[in-house]
Amino acid sequence: MNLEDYFQRIGFHGPSDKMDLATLKSIHKLHVMSIPFENLSIHCGEWITMDLETIFNKVVRSSRGGWCLENNYLFGWVLREMGFNSTILGGRVFNTITNDFPPGENHLINKVIIDGKAYIADVSFGVSSQIWEPLELISGKDQPQAAGVFRLTKKEDTWILEKTGRTPKVLNPEFAKSSLVNRKQTYQIFCFTLQPREPEHFAEKSHTLQTNPASLFTNKSICSLQTPTGFKALIGWTYSEVTYKPEEGVDLLDMRNITEDELDQILKEQFNVKTQNKMKPANKKVSYTI
């Protein structure tokens, strides 16, 4: 594993010896624009591991993406190799069905300290909830980004990330009532504490998320990549291109269903992803919005 291979993968050409906020912002944004948030391995009969070298080979050398336990684990390694003061934290993703945060940490993020200030780096949440740049760890402060206004709020020992977005405007009438469309303008994304974690802390959760019949990830195949104007996503057979229009107060959603013949082409052309094994798209009735 070496940093130059990773920098080539994300297209980073800046100096790699500066541990400043500008460098952190740059590699964070390049990562989410280059490496998809995806769980396709589950739907290709592949096992997702917490072994860092395996993750590096998959994401960097084989031009794949990954979910948070892969992408953010890899990103934390990159930060530490560069010399950043970076720590792994565990988060809990908000459950819209129970309207609460579940027990057990199911999301991996990184805390980075620069010049005495703490920032949250998360390069692997995907779709419209994906931050493009790190968030300053400060309670109650509006932090506008392309996707909307993000906000961290501290409640006792727990930090909560929420976002206020824009009104979705679905271009294809066929998808006007799609369950994939997020119609909540302000919503909670995940919560976390500042308790440092080791990668092994997530091993059991990684196993559960890819084997439990009730897991979001066994029920839906997800591939999402940020773009300079929004993001694109393939959920099951539904391909979406989302364009942020902040000046109009809307997000434009161009959604359509693809055919089996188009699958490999869409993955390659839109996400630069080529799976080794045949993928079986899934979009069962489990709550998930883009």
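For the reader, a short list of remarks on this structure follows.
- Taking the accessible area of the chain, probe 1.4 Å, and keeping the other protein chains in place, the carbon and sulfur fraction comes to 48%.
- Beta bridges per DSSP with both ends in the stretch 14-271, % antiparallel, nearest 5: 90 percent
- Phi to ³J(HN,Hα) by Karplus 6.51 cos²θ - 1.76 cosθ + 1.60 over the stretch 28-37, Hz, x for Gly, Pro: 4, 5, 5, 4, 6, 8, 10, 10, x, 7
- Per residue accessible area in Å² of the chain, where ligands, DNA and RNA are left out and the probe is 1.4 Å: 45 Å²
- Derived scalar couplings ³J(HN,Hα) [the stretch 272-285; Karplus, 6.51 cos²θ - 1.76 cosθ + 1.60; whole Hz; x for Gly, Pro]: 6, 10, 10, 7, 6, 9, 5, 8, 10, x, 9, 8, 6, 6
- Sparse packing (at most 15 other Cβ atoms within 10 Å of the Cβ) combined with a DSSP loop state is found for none of the chymotrypsin sites (Phe, Trp or Tyr not before Pro) in the stretch 187-227.
- Ordered from longest to shortest, the equivalent ellipsoid semi-axes for the stretch 39-181 are 25, 23, 15 Å, each the square root of 5 times a Cα gyration tensor eigenvalue.
The values are calculated or read from the model by the stated rules, or taken from the named source; none is laboratory data. Owing to the predicted nature of the structure, the values given are computational and were not obtained by experimental measurement. Cβ sites come from the backbone with ideal geometry, for glycine too, and all protein chains shown count toward neighbours. Surface accessibility is based on the protein's heavy atoms, side chains included, excluding ligands, DNA and RNA. Shrake-Rupley method; radii C 1.70, N 1.55, O 1.52, S 1.80 Å.
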